[in-house]
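What follows is one structure encoded as structure tokens, with my remarks underneath.
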Amino acid sequence: MKEVKRRDFLRNTLAAGVGSTLAPAVLLAQEGEGESPHPVDYPPPASGKKKKVVVAGAGIAGLCCAYELMKKGHEVTVLEASGRHGGHVFTVRDGLSDGLYADGGAEQITKPGYERYWEYTKEFNLTVLPYPRRRNVYTKMNDKFYTEDHFKDPAVLKSMGFNEREIKHIVKHNLHELSRLFLDPYLDKFKDEYQPFGVGYDDLDKVPISDIYKKEAASPAALKFLGGENSSALFRLWQAAILHKRGVANFPIDVFRLKGGNQGLPNVFAKRLGPRVKLNSPITEIKHDNNGVTVTYKDNEQTKEITADYLANCIPLPLFKKIPLTPGLTPEKQFVADNITYDSYSHIIFQASTKFWIEDGFKSINMQFGHPDLEFIWQMAEEVDTHRVILVAVAPGGVSPQRALAAFREVYPGKKDSIEQALIKDWTKDPFAPNCERTDFPMGELSKFWPHVMTVQGRIHFAGAYADNLNWGQEAATRSANRVAKEIDEA
Amino acid sequence: MLIRFIIISSSFFWGIVTFFTGNNKSAQKNTPPQVRIQSPKAAGNYPWNTVIPYAVTVSDKEDGESKYDEIPATDVFLELRYFPDPAKGTAYARSTAQKEPAGYSIIKKQDCFTCHSVHTKLIGPSFSEISKKYKKSDDVAAVASRVIKGSVGLWGPIAMPTHPDLTEKNAELVVHWILENTNNPDVDYFRGAEGSFRIQASPNATANGIFVLKATYTDRGINDDSTTSLIGQDVISFGVKKD
């Protein structure tokens, strides 16, 4: 990566022009969208046993878990190391003109799917908007751009090498649903979406999913498209079964987002929790035994201690494992903490003065480039009343906004763009929330990870985007947060 | 057991340290940075298989103070080395005024440690996995080329970004350093002014070696001229509590 000298870095940042880095805190979203202006006191739990709970981390999982525990009448304190809440759910407004905004982190929800999330949008009266980022997509393959129509054209699909059966399936469903043609016959054996073992496929953990595609007579083109030589067949079948059970596509085309930015949901949780959420309060030590937990944390350079009946850990394991813990994790949990992996990348945010792609004859700017410095791009915040537009793009961590812009200009198939500003949120460099979604468990190791990612350690419970069966971020975060709130309430 | 050594060594990678290289610099002198390991504190020994928090402060007349973020936390690098023989550890700690390997100096200026750590997989594969996969001499050029051009698919679906500003020679020095230095379970490298590290489980029942922790900061030199950069470092050693 280009060596950035500090002074240049500061100059660029202060200039707030093309290539500046995003300021961290933007907490203005969703004002007046039905939230209570003040924290609410809830009656004691029905059982009469009020528990004291420390929630570690104020990302969406931590806030959601704390909110549910508070609603059940328990006493909660949320300790967040950084100066903002929301974690990976992060809406950017600073530096953008005309009231525009962009989701710099968590992107979308689906329907069906995300049931807990949808319930919260109703409870808090949050406006959900269709997010047509997966409609009218242009995909660059072999130096040529393909449209959705191409991928539905049997002649094009045939020229790509797909066989008749595959073409029929793709035309009916979608190219992204091709794997279901081969996997669906296997899925009914999974009865409980949280139990991948004992359904007759345990041995398939050491078999690559590509072998299943081959067994099901996939064409060479399908095998190339689907890959999977290094993915466990058991893991992939289980994941497909979860989606199948929930009635969710592999790659849902119609997705949704919150009006004003996805940070709207964590903001409402935090507002309801009020002073129960302590920011800039990093946990420095945890001690636990059969009776409870003692959590040491910093509060404005002062060391403080809090005792509680339970700890709901909502910090991702790669960060949690760096906190001294006495007694330590069990060997099974330590293995998960040491070996769980996540993806992470940058969101590049372009502000343009016009919908320049329309002049160039494109229906949308939703484009997949596969460029090493810019993978794909789409439009958001279309409802904001301005001629300006916001484009969001994904790039690998470490790529500067200027380099991403240069990449865009290299691969954009039109004549000219009107981009006037480029901002970046590089999650790989975020000290508090560097982890995006959990990646697949390695082949042959499912039993080393599952169900240990979710299991309790004495009085410590675990929630977060990684701590559920499917790794879809906000869905897994809200599901696991509700699971932990229930576990602690019923303990 | 805990011993502290403070050594200032000059930058070596760019050649001889030059304080007076031109007219505009003739009156300037670069002051070496002061690096201090604030914790672990100078007391006691630590149990095996423990997470140990650490904190390092850096003060540099020209660059500023780490506590005010004038020196970025990620510019502080640490090396943790276990010595089964305490005498060898003490000798190593005393002798660390030696020059840094060229590849290590370059890697400290890059973003490699954002996505890679030495012994555990982060966003990218661990350096030790990489050093196990590639032969020391044969593969250096090919790996270095992927560092410069970026890569995806060899280790998984997450893309390695491009590093077009690294020269071929420097990329090869980086790769060479990774392949040579990251496959030893007794040695770890990490960065950050504050954080924690885990010391390994006891290698055997009678193990009574020592750990040597070295923190370094390479300053920005006179007017950001890296040929005048100086390295400040602090070294401590600590023992291991026997069960």
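Computed from the coordinates by the stated procedures, all read-outs in this text should not be read as laboratory data. In this text, all values refer to a predicted model and were calculated from it rather than measured experimentally. Note: ideal-geometry Cβ built from the backbone for every residue, glycine included; neighbour counts use all protein chains shown.
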Query raised in the report: Tell me, Kirkwood radius of the range A:139-256 from alpha-carbon pair distances, in Å?
Result: 15.2 Å
Query raised in the report: Which ³J(HN,Hα) values in Hz, rounded to whole numbers, follow from the phi angles of the range A:162-170 under the Karplus curve 6.51 cos²θ - 1.76 cosθ + 1.60, where θ = phi - 60° and Gly and Pro get x?
Result: 6, 8, 4, 5, 5, 4, 4, 5, 5
Query - Order of B:C115, A:C314 under a 10 Å beta carbon neighbour criterion, fewest first - result: B:C115, A:C314
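As a check on your grasp of the helix formula, calculate [θ] at 222 nm for chain A: sum -39500 (n - 2.57) over DSSP H runs of n ≥ 4, divide by the residue count, round to the nearest 500.
Working: 17 runs with 148 residues, N = 491.
-8500 deg cm²/dmol, from helical runs alone.
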**Report entry** Whole-Hz ³J(HN,Hα) from phi, Karplus 6.51 cos²θ - 1.76 cosθ + 1.60, for the range B:155-166, glycine and proline x
**Finding:** 10, x, x, 8, 6, 8, x, 6, 9, x, 8, 7
Query raised in the report: Which whole-angstrom value gives the distance between the alpha carbon centres of the range B:108-134 and the range A:114-175?
Result: 35 Å
Query raised in the report: Averaged over B:220-229, how many beta carbons belonging to a partner chain fall within 10 Å of each residue's beta carbon?
Result: 1
Query raised in the report: If you take all C-alpha pairs in the range B:143-243, what percent of them are over 16 Å apart?
Result: 75 percent
Requested in this report: Could you work out the Rg to Rh ratio of the range A:292-357, with Rh taken as the Kirkwood radius (inverse of the mean 1/r over all Cα pairs)?
Outcome: 1.24
Requested in this report: Considering Cα pairs under 8 angstrom that are at least six residues apart, work out the relative contact order of the range B:120-184 and quote it in whole percent.
Outcome: 44 percent
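Taking the mean number of other Cβ atoms within 10 Å as a proxy for protection, how do you rank A:451-459, A:419-427, B:70-78 from highest to lowest? Don't jump to the answer; show the numbers that get you there.
Numbers: A:451-459: 17.4, A:419-427: 21.7, B:70-78: 19.2.
The densest-packed peptide leads the list: A:419-427, B:70-78, A:451-459.
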Requested in this report: Using only the alpha carbons, work out the radius of gyration and Dmax of the range A:224-309 in angstrom.
Outcome: 21.7, 57
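Rounded to a whole number, what is D in µm²/s for chain A from Stokes-Einstein with the Kirkwood radius over alpha-carbon pairs (4 °C, 1.567 mPa s)?
On the way: Rh = 24.1 Å.
D = 54 µm²/s.
How do B:32-41, A:391-400 rank on mean C-beta neighbours within 10 Å, highest first?
On the way: B:32-41: 17.7, A:391-400: 24.5.
Highest mean packing first, the order is A:391-400, B:32-41.
In deg cm²/dmol, rounded to 500, what helix-only [θ] at 222 nm does chain B give when every DSSP H run of at least 4 residues adds -39500 (n - 2.57) and the total is split over its residues?
On the way: 6 runs with 52 residues, N = 243.
Taken over chain B, the calculation gives -6000 deg cm²/dmol.
Would you mind calculating the relative contact order of chain A from Cα pairs under 8 angstrom and at least 6 residues apart, reporting the percent as a whole number?
Numbers: 992 pairs, mean separation 114.0, N = 491.
Computed value for chain A: 23 percent relative contact order.
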Report summary line: Partner shielding of B:154-166, as the mean number of partner chain Cβ atoms within 10 Å, equals 6
Query raised in the report: Per-residue mean of other chain beta-carbon atoms within 10 angstrom of the beta-carbon, peptide A:280-287?
Result: 1
Report task. Could you please state, rounded to a whole Å, how far the C-alpha centre of the range A:389-454 is from the C-alpha centre of the range A:279-311? Result -> 33 Å
Report summary line: Long-range amide H partners of B:V240, meaning residues 5 or more apart or on another chain whose placed amide H is closer than 5 Å, are B:Y46
Report task. Pop out the ³J(HN,Hα) list for the range B:207-224 in order, Karplus 6.51 cos²θ - 1.76 cosθ + 1.60 with θ = phi - 60°, rounded to Hz; leave Gly and Pro as x. Result -> 4, 9, x, 10, 9, 10, 10, 10, 10, 10, 9, 9, 6, 8, x, 6, 6, 6
Report task. Once you have a ≥ b ≥ c as the square roots of the Cα gyration tensor eigenvalues for the range B:120-184, tell me rounded if a/c is under 1.5, and otherwise prolate or oblate according to whether a/b is larger than b/c. Result -> oblate
